[in-house]
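Beneath this line is the structure, given in structure tokens, with notes to follow.
The values are calculated or read from the model by the stated rules, or taken from the named source; none is laboratory data. Small disclaimer: the values here were computed from a predicted structure and weren't measured. Neighbour counts run over all protein chains shown; Cβ positions are idealised from the backbone, glycine included.
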Amino acid sequence: MRVFVRVVPSAHGKGGAAGTAGSSDSEGTAGIVGSSDSVGTQDSRCLPVPLVPEGWLCLSFEGRCVSRQRVRLEDGTEAALMLPRGTRLKDGDLLLAEDGWAVLVRAALEELSVADCPDALTQARAAYHLGNRHAAVMLEPGAVKYPADTVLDRMLTGMGMAVSRVREPFQPESGAYDFTAADARAALLSMPPVLVRRGQEGTIPAERP
């Protein structure tokens, strides 16, 4: 079973991968180990060659918050995640396995409730009350999205907001103390180097002192 132990954060942050969730199209998503686009600072210990994903892993938001679990890739291959505890994966992140394989993380489609917020005050009220009920929220211009919940829908409807349902990837706001890209970079650089298997392109970390 292939075990994924490292994360290269998406170069584009939230929703960094191009294309539709669940798609294997990886154009524009390949990270560059050792470059400012993938891990934040130039690291001369790695050759700046793009990583090309060998496949992809589609996970819900809940699944992207579990750092240690068994998963199944899009081709049916069973694998395991053994990431630093507290890691929260995002759409567009790259996972590196012990044997050098890289796969792309894609956010699965989920049923979400959407509260229509015509002004900033309404949006702030919606986010405040949802947060008080420990609901994860995704903020967008004029709307607040959260995992579909009839009780929460009624609450916001009672406050005068129109609530509808959609099915799309969910990438909520991160908490102030979440495991960040900087944490992932520190964890990445603290581990011994691995040979990233070459597909069309690859990355070979240089020897570390």
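Looking at GLU140, is it surrounded by fewer than 22 Cβ atoms within 10 Å (Cβ to Cβ), among the acidic types (Asp, Glu) and more than 21 Å from ARG165 (Cβ to Cβ)? Here the answer is no, as GLU140 does not meet what is asked. Could you please let me know if ASP37 is assigned to a loop (DSSP other than H, G, I, E, B) and modelled with pLDDT of 90 or more? Taking the combined requirement at face value, the residue does not satisfy it. Screening THR203 on (1) assigned to a loop (DSSP other than H, G, I, E, B); (2) surrounded by 14 or more Cβ atoms within 10 Å (Cβ to Cβ); (3) modelled with pLDDT of 95 or more shows it passes everything except condition (3). Elements of the type strands (runs of 3 or more DSSP E) sitting completely within region 88-151 and holding at least 3 residues that are free of Cβ contacts under 8 Å to residues at least 60 places away in the same chain, touching a Ser or Thr at 6+ places or on another chain (Cβ under 7 Å) and under 23 Å from GLU62 (Cβ atoms): there are none. Take the conditions (1) among the aliphatic types (A, V, I, L, M); (2) farther than 19 Å from GLY92 by Cβ; (3) modelled with pLDDT under 95; (4) exposed (fewer than 15 other Cβ atoms within 10 Å of the Cβ); ALA182 misses just one of them, which is (2).
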